[in-house]
Amino acid sequence: MTRNAAVLGAGPGGLAGAIALAQAAMAVTVFERAPQLEEVGAGLQLSPNACHALEAIGARAAIEAVAIAPPQAQLRSGRDDRLIFANPLGDIAIARYGAPYLHLHRADLQHVLAQRAQAAGADLRLGVAVARVGPDGGVQLETGEALVFDLVLAADGVRSSVRQHWFDGAAPRFTGQAAWRALVPRELAQPSPAGVTVWAGPQRHLVAYDLGPNRGLNLVAVTERSAWVEPDWRQRGDPQELRAAFADFPAAARRLLEPVADCQFWGLFDHAPLPHWVRGKIALLGDSAHPMLPFLAQGAAMAIEDAAILGLCLQADPEIETALARYQRQRRPRTARVQAVSRANAKLFHAAGLRASLQHGAIALVNHMAPGLGQARLDWVYGWRPALD
Ligand SMILES: Cc1cc2nc3c(=O)[nH]c(=O)nc-3n(C[C@H](O)[C@H](O)[C@H](O)COP(=O)(O)OP(=O)(O)OC[C@H]3O[C@@H](n4cnc5c(N)ncnc54)[C@H](O)[C@@H]3O)c2cc1C
């Protein structure tokens, strides 16, 4: 008899998870609260490890078709625009990792994954919120409808109600970081920065990368704050406030902020690694399991990796319970390490004074003398392949 699965959430994690479950011969229903796939947050970087995970669920070629492969990533000083570190990407990433480093609009990622999930047989129910789930596989919708599944995959994001109810009861913690996110029409941001560019300054950093002619230049401008008191964790931002916060950054960075007419302001939350991701028939995936700061650009990548491994576990083991235990065992250490490094990067990006000079000077020296060492530092993230331990 065909086993059935409910997926909560149609973010990158839920959609990739739906494809993986369908590939494991399950009948999949995805419940998404939003009435349409929202264009939240604009750009995403997808590193080679994410591309390998996309390949495992049969979506890599379709994603590559809507994405851009930048020639490099660079870290520059937010004081004087000096180059601190450059990591060659493009063909070099493909040669080193067997897959490209990409940028794309989040909506394009979601639409490709949604199409793939539906083509694999998943039923995508938009505008349908789940009220509660249980370890027995019970799923109650906000309409009152009650259903039962063999597996409940909770990909309900950083504010996961499933995590809070069944796993640890704690709300996500404010990280002391907040971000403006904006898109600028390409013609207003010429010359476009060469690849992913990060300007790092005291308590702030600015990230810019191109999303192609139809989408424009993606900007993420991060600033430190002692608390997040706003009622909503995402709200309309003020472009003037954004420009004022980066007024002492180099002209090359400031000119990208000039044309910003509209922006969003996000509180950035994460959570300490959870001891368990599985309870009965419920499994967490993506930000619900391991919310992290975006300072290694790995949140969606980890969600897609989770999906690829979950699919392999279910294909290898007919027992859902043992497959889920294997999934948790394999995914938890890696995602916990990525969470920790993402947090630590805040210190690297936001260093001030003498500490910044020393840190950035040391990185620049290594980059100059032995550029391969800088690249190798990220091999454990980018060099990952989807395989069972
Ligand atoms: C500033 C910023 C920059 C980032 N940059 C990158 C990057 O460059 N690269 C990268 O890999 N990651 C990046 N990320 C992280 C990435 O956006 C997240 O990790 C990713 O979206 C997580 O996907 P998810 O599917 O787990 O959760 P989400 O994308 O949050 O999706 C969860 C979904 O669940 C739905 N939902 C919630 N509750 C219910 C319910 N009860 N019933 C039905 N539906 C429900 C929500 O509506 C939502 O659609 C960035 C994040 C931020 C904030």
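Q118 - would you say it is farther than 26 Å from L219 by Cβ and assigned to a helix (DSSP H, G or I)?
Working: farther than 26 Å from L219 by Cβ: yes; assigned to a helix (DSSP H, G or I): yes.
Against the criterion (farther than 26 Å from L219 by Cβ and assigned to a helix (DSSP H, G or I)), Q118 qualifies.
Tell me, yes or no, whether segment 321-339 has at least one residue that is farther than 19 Å from V381 by Cα, β-branched (V, I, T) and surrounded by fewer than 20 Cβ atoms within 10 Å (Cβ to Cβ).
yes
Restricting the first residue to segment 294-309 and requiring it to be within 13 Å of Y382 (Cα to Cα) and assigned to a helix (DSSP H, G or I), which pairs with a second residue that is at pLDDT 95 or above and hydroxyl-bearing (S, T, Y) meet a Cβ separation below 6 Å and a spacing of at least six or different chains?
Going by the 6 Å Cβ cut-off, the qualifying pairs are A301/S47; M302/T335.
Can we say R79 is among the basic types (K, R), farther than 25 Å from P386 by Cβ and either surrounded by fewer than 19 Cβ atoms within 10 Å (Cβ to Cβ) or more than 14 Å from the ligand (Cβ to nearest atom) (or both)? Walk me through how you get there before you give the answer.
Values: among the basic types (K, R): yes; farther than 25 Å from P386 by Cβ: yes; either surrounded by fewer than 19 Cβ atoms within 10 Å (Cβ to Cβ) or more than 14 Å from the ligand (Cβ to nearest atom) (or both): yes.
So R79 passes the test.
Of the numbered conditions (1) among the hydroxyl-bearing types (S, T, Y); (2) within 13 Å of the ligand (Cβ to nearest atom); (3) in a loop (DSSP other than H, G, I, E, B), Y209 satisfies every one except a single condition; which is it?
(3)
Filter segment 162-174 for residues that are surrounded by 17 or more Cβ atoms within 10 Å (Cβ to Cβ) and either aliphatic (A, V, I, L, M) or within 19 Å of the chain's Cα centre (by Cα) (or both) and give the result.
Within segment 162-174, V162, R163, P172, F174 qualify.
State all residues of segment 232-250 that are in a loop (DSSP other than H, G, I, E, B) and either out of contact with any Cys (no Cβ under 6 Å at 6 or more places or on another chain) or without any contact (Cβ under 8 Å) to a residue 40 or more places away in the chain (or both); if no residue qualifies, say none.
D232, W233, D238, F246, A247, D248, F249, P250
Just for segment 125-139: of the residues that are of a type in the set (G, A, S) and part of a strand (DSSP E or B), which one is farthest from the ligand (Cβ to nearest atom)?
The extreme case among them is G138.
Do you know which residues across segment 158-182 are within 13 Å of the ligand (Cβ to nearest atom) and aliphatic (A, V, I, L, M)?
V158, V162, A178, A179, A182
Please tell me if E321 is within 12 Å of the ligand (Cβ to nearest atom) and either modelled with pLDDT of 95 or more or among the hydroxyl-bearing types (S, T, Y) (or both).
No: the conditions fail for E321.
Of everything in segment 27-67, what is within 14 Å of the ligand (Cβ to nearest atom), assigned to a helix (DSSP H, G or I) and in contact with a helix residue (DSSP H, G or I) (Cβ under 6 Å, 6 or more places away or on another chain)? Give them in sequence order.
Hits for segment 27-67 are P48, N49, A50, C51, A53, L54, I63.
Among the residues that make up segment 334-344, is at least one of them touching a strand residue (DSSP E or B) at 6+ places or on another chain (Cβ under 9 Å) and away from the ligand (no atom under 16 Å from the Cβ)?
Among the residues of segment 334-344, not one is touching a strand residue (DSSP E or B) at 6+ places or on another chain (Cβ under 9 Å) and away from the ligand (no atom under 16 Å from the Cβ), which makes the answer no.
Just one of (1) without any contact (Cβ under 8 Å) to a residue 60 or more places away in the chain; (2) surrounded by 16 or more Cβ atoms within 10 Å (Cβ to Cβ); (3) in a helix (DSSP H, G or I) trips up E187, so point out which.
(2)
Inside segment 190-202, can you point out the residues that are out of contact with any strand residue (DSSP E or B) (no Cβ under 7 Å at 6 or more places or on another chain) and surrounded by 21 or more Cβ atoms within 10 Å (Cβ to Cβ)?
Within segment 190-202, the subset out of contact with any strand residue (DSSP E or B) (no Cβ under 7 Å at 6 or more places or on another chain) is 190-191, 201-202.
Residue satisfying the conditions is G201 alone.
Name the pairs whose Cβ atoms lie under 7 Å apart, with the first residue in segment 88-104 and assigned to a loop (DSSP other than H, G, I, E, B), the second aromatic (F, W, Y), and 6 or more positions between them or separate chains?
Final answer for the pair search is L89/Y101.
Show the residue pairs meeting these rules: Cβ distance below 9 Å; 6+ apart or different chains; first residue within segment 204-231 and farther than 13 Å from L268 by Cα and touching a residue at least 12 places away in the same chain (Cβ under 8 Å); second residue basic (K, R) and part of a strand (DSSP E or B).
Filtered contacts from segment 204-231: N218/R181; L219/R181.
Considering only residues of segment 140-157 that are part of a strand (DSSP E or B) and within 19 Å of the chain's Cα centre (by Cα), which is farthest from the ligand (Cβ to nearest atom)?
In this case the residue turns out to be L153.
The values are calculated or read from the model by the stated rules, or taken from the named source; none is laboratory data. For clarity, every value in this text was computed on a predicted model and none was experimentally measured. All Cβ positions, glycine included, derive from the backbone under ideal geometry; neighbour counts span all protein chains shown.
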